[in-house]
Each structure stands twice: as C-alpha cells, then as structure tokens.
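What follows is one structure encoded as structure tokens, with my remarks underneath.
The values are calculated or read from the model by the stated rules, or taken from the named source; none is laboratory data. This structure is a prediction, so every number in the text was calculated from the model and none was measured. FYI the Cβ positions are ideal-geometry reconstructions off the backbone, even for glycines, and counts take in every protein chain you see. Surface areas here come from the heavy atoms of the whole protein model, side chains and all, with no ligands, DNA or RNA. Shrake-Rupley method; radii C 1.70, N 1.55, O 1.52, S 1.80 Å.
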Amino acid sequence: MASSATSGLQPGTIERREPGADDVVIDITHCGVCHTDLSQTRNEWGGSVYPLVPGHEIVGVVRAVGAAVREFRVGERVGVGTFVDGGHSLGVCAREHEHRDHKHFVPTYNGKDHEGRPTYGGYAQSIVVKQGYVLHIPDGVPSDAAAPLLCAGITMYSPLRHWKAGPGKKVAVVGLGGLGHIAVKMAHAMGAEVTVLSQSLSKQADGARLGADHFHATSDPETFKKLADTFDLILVTVGATLDWNAYIGLLRMDGALVLLGIPSGPGSVDAFPLIASRKTLSGSGVGSIPECQEMLAFCAKHGIVSDIETIPIQQIESAFERLARGDVRYRFVIDMASLGK
Ligand code: NAP
Ligand code: ZN
C-alpha cells in the first residue's frame, strides 16, 4: 500500500468487510499493473486518498460465497475489474450505463463504497466483492494473461464495438502499450484494417506479430501528411497531452477520435476540421459488467490474452519505474503467491 504520493508501495495490512449474503470472497492469484495504478499511487491526477492499495485487473479463485450468491461457486476462477459497485445495485441506473454514472460508481480502489467505507484494490491477498460485479473467467484462458483484460481489455473492446470496428473499417491505435497492444489484437480479430501509430518504429515487429497491417512513427512529420483523411476510428491510448488537431487531420469524413489515455493537463482543439467533415472527438472509459463478460468470451473465442511479464510483488517499485519510461512489453502482472513470501 502507499501511505502518500511519495511513499512508494510498502507492505501493510487492510481489513476487508465481513462478507454479506450477496458477497463473493476471492483469493487473488494475479493482478495486472495498469498505468492508472501508477498515476493514482503517485497522485498525478489529484484526488488520491491514502492509504491507497492499487490494482483493478484482478483474477482469483472463489474462497466463499454468501447465502444469496447463485452464479458463483467455491473454487471457480473469477475476475474483478475497475469497479465493484454502481447505480444498478441501487436501482437507479441501467446495467449498461452504470460505469458512466459518476454519482454511484464505486471504483475498485481509491473510492468509497455505498456505505462510506474506503475501497482497496487487488495488490492484496483477497477481496470481497458483490456478486453483480464479479466476472467469470472462461475455461482455457490462463489467469495471469487474462488479468489485464479486466481493465485494458474492456477499455479497448468497448469503443471498438461502439464505433463498429470490423471489415472495411480503418482503425488506428495510438500508443503501443498495455491498452494499445490489446486493441491491436482485438481490432484485427474483428476484421478491421489496423494501423499502429507509435512514437518510433522500435516496436514495428511486435506490431506485425500482434496483428497490425501498418505501423508508423508519430515522431516523423511525414506520417501526418501521408495518412491525412485516412481513418474511420483512432483510439488514443497515450496518457499525455498530444496535438489532438494533428490526429483529427488523420480522420476521414465522419471518423471518430476517441481518447482513452488520461493526461494530467488539458489540450486544445480547433473546431473547423470537426465541423467541415463532421468528425467526432470523444472519450471512453472501461465498459459495463455485461460488456466485460462479453469481451472475455470474445477473447476466449479468438485466443486473445495480454502479452505479459510476471513479477513478484517485491518488484513492484522497479516495475512502476519501468512502466513510467515505457519499458514493458506489454503488461506487468503480479503473481500474488509472492505476497506471503
Ligand atoms: P502504458 O502501458 O504505459 O502505454 C502507454 C503508451 O503510450 C506507451 O507504451 C507509449 O507507446 C505511449 N506513450 C507514452 N508516453 C507518451 C508520450 N509522452 N507521447 C506519446 N506517446 C506516449 O499505459 P496503459 O496502461 O496502456 O494506459 C494508457 C493510458 O490509459 C493511461 O493514461 C491510463 O491511465 C489510461 N487508462 C484509461 C482507461 C479508460 O477507461 N479510459 C483505462 C485504463 C487506463 P509507444 O511507445 O508505442 O508510443
Ligand atoms: Zn486500468
């Protein structure tokens, strides 16, 4: 856990709530390391509350279920993503929209549940989650490489589906990191023509292996000339403020630029290119619980998991440092068995 923005992560003890009738108790086996974990642990966006236990790409095994739990059984492999409660459980929001219902959304960590208790994430031995926010991990999908699907996977699947990526569509993925590499696999599996826009060409061979048809460096100004008016959909996974206008110039008529990465500062946008060619500038955050279960089935069907580097929890600080400088291909996953050692 982190005790402040500058403390780093240290071993510590947290209390999970006593499980109620509606709860699933999960022994965590694996947890992915999302860039959001780093940003929130270090309070890069403001609003972090300490002590903070990060982790929202959780896979584990059910240890116990409450009396009202019907869908999960002891010993089953399950997942938990970025939120552990929402407006649906209060009867105020439809299932498919509750992850956008800011009033009632309960993040897996750095939030408060509906009873006012702080939430702590998956860099931990266990977690207690309401059954409506637990996901089934399909058989045959390895737990370690599945963990990043619970955040990175759904964050990319949802906009790819919403903007109808598929045959005949040209999709660009900006940033080949944890989110970006899964987006390439998914968009390729959906049948779209996929282009990676990376800072350099250093990951070009990986791009081809992951399913990209084209790969260009954004550091080369020629890229923005060559690819003007090309894409139906551009998914930006970079957590930094970019020259959005340059990317809007890569959209064809009616194309959409969708922001997924979370920069710590604002950017600016020219209205004219949006107006002239009815282009869309949008954003998207994770996805609903039913959509996440659908995404897991899609990944199982197409053999999609994350490319991972497994680490013991003792190496989390060096993993954060490497993640900060983009030195991971493409997701760290903590083997939680290391926690007791
Ligand atoms: P990541 O693994 O660090 O990948 C980010 C990639 O962006 C890097 O691999 C790099 O790719 C590129 N990049 C990094 N710094 C850059 C810069 N200054 N300029 C241009 N490109 C840069 O991170 P991640 O876990 O995929 O997360 C990406 C972002 O999405 C973070 O901001 C995270 O907080 C956010 N996020 C949002 C949601 C959501 O619901 N919308 C969910 C999860 C995460 P190249 O080397 O290929 O350029
Ligand atoms: Zn995440």
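Worth pointing out:
- The alpha-carbon atoms of the stretch 254-301 define a convex hull whose volume equals 104 cubic angstrom per residue.
- Of the chymotrypsin sites (Phe, Trp or Tyr not before Pro) in the stretch 14-117, those whose Cβ has at most 16 other Cβ within 10 Å and which sit in DSSP loop: Trp45
- Check: the stretch 103-168 dipole with +1 on Lys, Arg Cβ and -1 on Asp, Glu Cβ, in debye: 320 debye
- Mean separation of Cα contacts under 8 Å (6+ apart) over length of the chain, as relative contact order %: 18 percent
- Stretched out straight at 0.36 nm per residue, the stretch from Trp244 to Arg73 would grow longer than its current Cα-Cα span by 56.8 nm.
- For the peptides 317-325, 180-188, the ranking by mean Cβ contacts within 10 Å, running from highest to lowest, is 180-188, 317-325.
- Classification of the stretch 153-283 by its C-alpha gyration tensor yields a rounded form. The axis ratio a/c (a ≥ b ≥ c) stays under 1.5.
- Residues in the stretch 167-260 average 38 Å² of solvent-accessible surface per residue, probe 1.4 Å, ligands and nucleic acids excluded.
- Extension gain for Trp45-Arg117 works out to 23.7 nm (0.36 nm per residue, less the C-alpha to C-alpha distance).
- Peptides 303-309, 161-167, 75-81, 3-9, ordered by how many other C-beta atoms sit within 10 Å of their residues on average, highest first, read 75-81, 303-309, 161-167, 3-9.
- Asp232 accessible area, 1.4 Å probe, all protein chains in place, Å² to nearest 10: 40 Å²
- Pair His102, Leu339: separation of 7 Å Cα→Cβ label points (nm): 3.1 nm
- Split the accessible area of the stretch 153-283 by element, probe 1.4 Å, and carbon with sulfur accounts for 54%.
- Gain on full extension, evaluated as 0.36 nm per residue between Met253 and Ser219 minus their Cα-Cα distance, stands at 9.8 nm.
- Residue-wise HN-Hα coupling along the stretch 326-341, computed from phi with Karplus coefficients 6.51, -1.76, 1.60 (Hz; x: Gly, Pro): x, 9, 8, 10, 10, 8, 6, 10, 7, 7, 6, 4, 6, 5, x, 8
- Whether the stretch 47-99 is rounded, prolate or oblate, judged on the alpha carbon gyration tensor where a/c under 1.5 counts as rounded: oblate
- Förster radius 22 Å - calculated FRET efficiency between His136 and Arg17 (Cβ-Cβ, nearest 0.05): 0.45
- Convex hull volume per residue in cubic angstrom - Cα atoms of the chain: 133 Å³
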